[in-house]
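**Student:** Here it is, the structure in full.
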Amino acid sequence: MKPYLYMIGYGLSQTIVWILVSYLSQSVAVTVMFLARNLVGFLLTFLFSANKALPLASFKRWKAHFFRASATLLGGLSIFYSVTKIPVADSVAITFLAPIFGTVLSIFYLGEKLTKATLFKLVVGFIGVFIITGFSAEGDAIGYAAALFGAFMTAVAYVSVKSLSDTESPQTILYVSYLVMVPISALLAIDGWVTPTNTQLLWLLAIGTAFYLAQIFMAKAFSLAPAAKVLPVDYSRIIFSSVLGFVFLNQSMTLSTYIGAAVILLTATLREKDIEKLSYRRIFKRP
């Protein structure tokens with residue numbers, strides 16, 4: 001149960017990041033928000049790290065760390081960029097392809113098994129996302145391509161975290177990742193820099209804190225269970241997005257939102273052993 005709760009915590013924390021990004025997007029540059037996400041996350045990782053020294057031992061797997069950090073950087077930048085080119089709802093919806101990409105990658109690169117229950121959760125979860133969003137296809141084609149690329153790179157980050165979690169602590173994984181992301185995001189933010197107000201600084205601090213918590217929750221979830229089993233729970237993020245968007249951004253919740261959210265919630269909470277018992281013959285067996 002713990003890995004699933006951690007994954008739900010990841011979904012809630014990540015949703016808070018997107019709500020705040022949407023809220024600040026009219027007054028704060030995307031590159032500044034991206035820098036805040038990484039800089040605050042790095043400071044929190046350093047603050048709560050038991051060992052403040054640079055984790056030189058982790059560099060024995062420096063290629064895996066650099067690969068994970070690069071995937072996180074490219075994924076984050078791509079999704080941030082997509083929000084400026086296409087409707088936010090479409091961009092967020094496309095990110096829900098990440099669990100599907102991640103599950104497929106974990107099967108091929110981590111040797112994990114694709115069970116009938118996992119496949120069921122992935123497919124039905126994606127159907128729930130489609131019911132809610134529908135993909136209006138309004139906006140720049142490059143924006144959609146960026147969101148799709150961001151979803152794929154997020155999946156790569158998922159799988160690389162799972163690989164690293166076998167030998168590295170969540171704090172170490174984040175620490176090394178930030179060492180790569182912070183300098184690059186700082187260079188990007190310099191161009192067209194506008195100093196945030198005190199209120200904006202507080203919101204930027206919240207973005208970085210929520211992102212830090214999301215990464216910790218994800219790393220803990222992957223350290224306790226196979227990635228293919230916990231990734232479908234990430235679909236719960238669409239429920240959080242719908243509720244928080246309605247409460248804080250005054251975004252209406254339609255009937256399709258309620259139906260899709262119910263489908264996703266049922267998919268995420270249904271026990272795997274119950275799904276495994278299902279078969280075509282049992283469903284369609286004549287009385």
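**Student:** Leaving out ligands, DNA and RNA, what percent of the accessible area of the stretch 205-248 is carbon and sulfur, probe 1.4 Å?
**Tutor:** Carbon and sulfur together cover 77 percent of it.
**Student:** If you count only protein heavy atoms with a 1.4 Å probe, what accessible area per residue comes out for the stretch 82-224, rounded to a whole Å²?
**Tutor:** Normalised by residue count, the accessible surface of the stretch 82-224 is 44 Å².
**Student:** Could you sort 206-217, 98-109 so that the peptide with the highest average Cβ count within 10 Å comes first and the rest follow in order?
**Tutor:** Highest mean packing first, the order is 206-217, 98-109.
The values are calculated or read from the model by the stated rules, or taken from the named source; none is laboratory data. No experiment lies behind these values; they were computed from the predicted model shown. Every residue, glycine as well, gets a Cβ built from its backbone with ideal geometry; the counts of neighbours run over all protein chains shown. Side chains included, ligands, DNA and RNA excluded: accessible areas come from the protein's heavy atoms. Shrake-Rupley method; radii C 1.70, N 1.55, O 1.52, S 1.80 Å.
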